[in-house]
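Below is one structure; the comments refer to it alone.
The values are calculated or read from the model by the stated rules, or taken from the named source; none is laboratory data. Worth saying up front: this structure is predicted, and the values here are computed from it rather than measured. Glycine also receives a Cβ, built like all others from the backbone with ideal geometry; neighbour counts cover every protein chain displayed. Heads up: the accessible areas ignore ligands, DNA and RNA and are worked out on the full protein's heavy atoms, side chains in. Shrake-Rupley method; radii C 1.70, N 1.55, O 1.52, S 1.80 Å.
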Amino acid sequence: MGKRITSILFLSAAVVAVTMTSTAVEAKKYGMAGCGLGSLIITTNDKTQIFAATSNGIYYNQTFGITSGTSNCTADGVVKQDKVQELFITMNYDSLGQEMASGKGEKLESLGNLLGCSSDSISRFGQVTKENYAKLITEDSTPASVLSAVKSEVKSDKILAKSCSQI
Amino acid sequence: MFPLYLLTLFIIIFTSSLGAIEPLGNADILELDFRTSRIQGENIPKSPKAQQYLQELVNEAKEKHLSEDRHWYRLMRFKKTRWGFWESEVDNKRYFLSESGKYNPEKELIATLHSFFTDEPILDGLLHPQCSYPERYHWLKEKLNFDSGRLAEVKCPRFEVWKDSLNPDSLSVIFSSYYMQAPASMFGHTLIKLNNKVNENAELLDYGVNYAATPGEMNAFSYSYKGLTGGYPGSFAIFPYYLKVNEYNDMESRDIWEYKLKLKPEERERFLRHLWEMGRADFDYYFINENCSYHLMEILEVAMPELNISNKPGWIVAPSDTIKIYLAEDGLVVSQKYRPSLYSKIKYKLYDMTEEERTTYFDMIRFENAFLPEPKETLRLSLITDAVLDTYRYRYATKNEVPKKHKEYYDKLLVFRSKQSDEYNINEQIPLSTPPEASHPLSRVATSFGASSLGNFAEFQYRIAYHDLLNVSKGHAPNSELAFFDTTIRAYENKKPELTSMSVIKVTSINPFNSISKDFSYMLDTGVQTAVYRNNDETLRKQVGNFDLRMGYSFSNEFGKNPMSLGVLTVLGGVKAQNGRMFENNVRYGVNFSLLYQKELGNWKVYTGATAQNYQLSQNLNTYYATFKIRYAFSNTHELRVEVNGERFYEEALISYHYLF
């Protein structure tokens with residue numbers, strides 16, 4: 001009997017210790033970023049909104065389920081077309097900002113793609129965001145404001161205005 | 001008695017038709033869906049003609065033994081239990097149209113046929129069964145040659161829109177490597193990416209299919225326990241792939257490996273139809289076996305009927321092992337891609353820098369001075385700035401609070417970067433870690449012979465999984481350890497065999513501490529050990545319960561010309577407790593302090609260390625442990641080790657042979 005209690009004690013101690021060291025496991029929910037609340041969340045600089053818990057995929061969110069109905073942002077797990085650009089900027093805000101400043105990168109290319117820029121104009125797109133970086137992102141920018149600033153910059157560029165269809 | 005659920009249903013229908021109250025919450029709509037499906041599963045069509053046709057189909061299905069078809073079993077996740085009856089792995093009732101659907105393949109198939117004849121109007125937010133179960137419908141239609149004149153085919157706009165927006169040209173299995181700061185994720189993780197042709201040059205915009213547990217409101221305590229015992233429901237979800245890349249690559253700095261699978265058009269259609277159905281299914285989630293990787297294999301088996309893989313792993317389904325299984329299938333994996341983590345990207349840049357550039361970089365990442373480097377011909381300012389920006393993101397990726405001064409510096413640097421025009425090129429495709437398929441097998445047996453101050457001994461070891469400090473580190477996190485049920489049985493000359501040690505869980509996570517990464521290292525061992533003690537001048541051995549937790553820091557020349565060439569030095573401090581009758585008050589506990597060193601070089605590895613243990617707190621004698629081990633690996637599966645161990649009242653030397661399988 002004593003032995004059994006001991007082993008139970010040690011096993012639960014192990015469980016406690018494992019969970020203690022795995023702080024990352026504390027799941028944070030994705031905000032409904034990009035669908036109204038996004039700007040708010042980003043200005044409070046709460047990056048953990050996209051810090052999903054890890055592990056064997058200990059993470060889930062109704063927002064992106066399949067067939068569990070629709071929400072503000074997604075329909076059956078697919079991002080609604082009119083939210084695609086904004087959600088992309090919201091969820092990649094920091095890395096995208098960095099790529100805009102350097103004028104290249106996979107995320108920046110993806111944004112160009114979402115704006116409908118033809119593949120031969122993508123490098124031009126990077127150049128434009130780099131040259132105008134200080135105008136596009138400022139301290140109180142929100143994903144929505146960044147998106148509209150980028151769009152207006154693209155519109156005022158002769159080449160891009162023609163080759164980007166989703167602005 | 002009037003059935004309560006019908007009453008609920010009526011109330012829901014009534015209130016929702018008023019339109020005056022709040023729209024249905026998610027939970028309500030799932031419940032309504034479930035109730036409706038059960039009714040549809042028993043549906044008898046109104047017209048006698050349709051009734052007649054339904055009867056014909058049911059009879060034909062029975063004659064053809066369709067419910068015993070392998071595809072039906074797979075669709076429904078039916079597995080034969082130990083007691084010989086069928087049971088579906090799906091654990092929520094909403095997936096079944098028949099009340100006994102979980103245990104009865106035939107009844108579920110008949111209920112499915114019934115439901116396809118539903119001619120009642122479909123409530124808002126719900127779907128006709130033909131649309132909820134497109135793969136069941138498609139398959140049965142093919143097998144039974146549905147006559148669309150006698151069974152009206154329903155249009156499924158929601159499903160069609162969904163399918164068109166995913167529209168994969170091929171699938172990729174994505175493996176995300178280990179996240180050492182969280183033991184539960186040391187297994188790695190797999191998901192599926194749907195490669196849409198439209199996104200050929202912007203793969204981040206693809207969708208990913210993820211199977212994961214739904215912990216709900218999580219409390220760290222119940223998490224491990226429930227994860228091991230199936231206490232959480234797991235389900236499928238789809239995500240934009242960039243969310244997953246953010247999470248793994250950037251937030252947790254895990255390298256990602258992508259394996260593109262060949263996919264025929266009809267397999268693609270089957271995959272999508274079935275994935276849609278899986279939106280209704282919940283499973284009990286088990287870390288060890290019914291995990292992410294297991295369910296991905298099953299879903300791929302539905303899509304590719306000739307594939308037969310889900311029975312291949314043992315009772316532990318390790319994500320890296322499933323990658324080996326995919327690769328072993330002829331022609332299944334057509335290409336492979338590596339996606340470096342943020343930390344790896346910083347390393348690439350560092351390796352490319354000159355001494356001078358490095359010095360500037362290391363000065364800048366202190367952030368405190370917040371200076372902008374002066375332009376100089378010998379400095380590639382864009383390279384340095386990019387590395388600093390990466391480092392900032394790496395450091396604050398998971399932090400809520402960023403010091404204001406650092407944030408301001410970061411913003412200033414971004415503007416500074418946008419004004420630099422020098423170019424640099426770095427090849428990020430030579431992986432900084434090894435792919436999962438290079439890893440050794442999980443289980444291990446070993447046999448040893450040794451001499452000790454208490455006589456000669458022979459020993460047998462067995463470990464279910466996974467990886468220890470002396471195993472070859474290819475495909476694993478370097479210098480780290482994760483073991484379940486590592487057991488040693490030993491027999492001394494002229495004595496009975498004894499259980500020397502058994503670690504229920506043993507985790508060692510060695511993370512380099514440097515100016516970029518401030519992660520800590522830790523070590524946990526819990527289970528049974530053998531304590532050596534002295535009683536009236538006689539040295540005795542006895543098995544005791546053991547709990548050992550240490551934390552600290554590790555150091556290495558990670559960024560040098562030959563990274564890690566000097567080995568890894570680890571300093572740890574912590575607590576250790578053991579219980580046994582021979583101790584004062586039946587227990588000894590106290591603080592300990594260890595210094596460990598390890599170095600791997602080709603097939604060789606050296607591991608050595610010393611630990612001082614203070615038991616005075618518990619009125620027991622203090623002790624120390626010292627160890628020196630060398631391993632030589634003949635291959636991924638055969639190893640030879642020599643070790644010398646000593647402690648206060650005992651010394652031993654042994655040689656052991658290890659076989660991994």
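What angle, in degrees between 0 and 90 and rounded to the nearest 10, separates the Cα long axis of helix B:265-278 from the longest principal axis of the Cα atoms of chain B?
90
Considering only protein heavy atoms and a probe of 1.4 Å, how much of the accessible area of the range A:81-163 is carbon and sulfur, as a whole percent? If you can, show how the numbers build up before the last one.
Values: 1650 of 3480 Å².
After summing per-atom areas, the C and S share lands at 47 percent.
Could you work out how far helix B:220-229 tilts from the main Cα principal axis of chain B, as a 0 to 90 degree angle to the nearest 10?
Relative to chain B, helix B:220-229 is tipped by roughly 70 degrees.
On the accessible surface of the range B:569-621, probed at 1.4 Å, how many percent belong to carbon and sulfur atoms?
The nonpolar share, carbon plus sulfur, comes to 61 percent.
Per the helix-only calculation at 222 nm, which mean residue ellipticity applies to chain B, given -39500 (n - 2.57) for every DSSP H run of n ≥ 4 and division by its residues, nearest 500 deg cm²/dmol?
-9000 deg cm²/dmol
If you roll a 1.4 Å probe over the heavy atoms of the protein chains, what accessible area per residue do you get for the protein assembly as shown, in Å²?
43
Treating the angle as unsigned and between 0 and 90°, give the value, to the nearest 10°, between the Cα long axis of helix B:292-303 and the longest Cα principal axis of chain B.
Once rounded, the angle reads 40 degrees.
What is the magnitude of the charge dipole of the protein assembly as shown about its Cα centre, with +1 placed on the Cβ of each Lys and Arg, -1 on the Cβ of each Asp and Glu, and no other charges, expressed in debye to the nearest 20? The partial results should precede the final answer.
Working: 93 positive and 99 negative charges, 217 e Å.
Using only the charged Cβ atoms, the result is roughly 1040 debye.
Can you list residues whose amide H is under 5 Å from B:Ser521's amide H, if they're 5+ apart or on another chain and H is modeled 1.01 Å from N?
The answer is B:Asn511, B:Gly552, B:Tyr553, B:Ser554.
Please give the peptides B:508-517, B:326-335, B:580-589 ranked by average Cβ packing (other Cβ atoms within 10 Å per residue), highest first, as a rough proxy for protection.
Taking the mean over residues of other Cβ atoms within 10 Å, the ranking is B:508-517, B:580-589, B:326-335.
On a 21 Å Cα-Cα criterion, which of the cross-link pairs A:Lys107/B:Lys518; B:Lys349/B:Lys404; B:Lys193/B:Lys518; B:Lys80/B:Lys141; A:Lys80/A:Lys151; A:Lys107/B:Lys337 come out too long?
From A:Lys107/B:Lys518; B:Lys349/B:Lys404; B:Lys193/B:Lys518; B:Lys80/B:Lys141; A:Lys80/A:Lys151; A:Lys107/B:Lys337, over 21 Å: A:Lys107/B:Lys518; B:Lys349/B:Lys404; B:Lys193/B:Lys518; B:Lys80/B:Lys141.
Name the residues of the range B:510-526, by number, that are at least 30 Å² less accessible with every protein chain in place than in the isolated chain; the surface is that of heavy atoms, probe 1.4 Å, without ligands or nucleic acids.
Residues shielded by partner chains are B:Leu524, B:Thr526.
I'd like the carbon and sulfur percentage of the solvent accessible area for the range B:354-418, probe radius 1.4 Å, heavy atoms only, ligands and nucleic acids excluded. The partial results should precede the final answer.
On the way: 1640 of 3070 Å².
That share works out to 53 percent.
How many Å² of accessible surface get buried when A and B come together, counting both sides, probe radius 1.4 Å, rounded to the nearest 100?
Adding both sides of the contact gives about 6600 Å².
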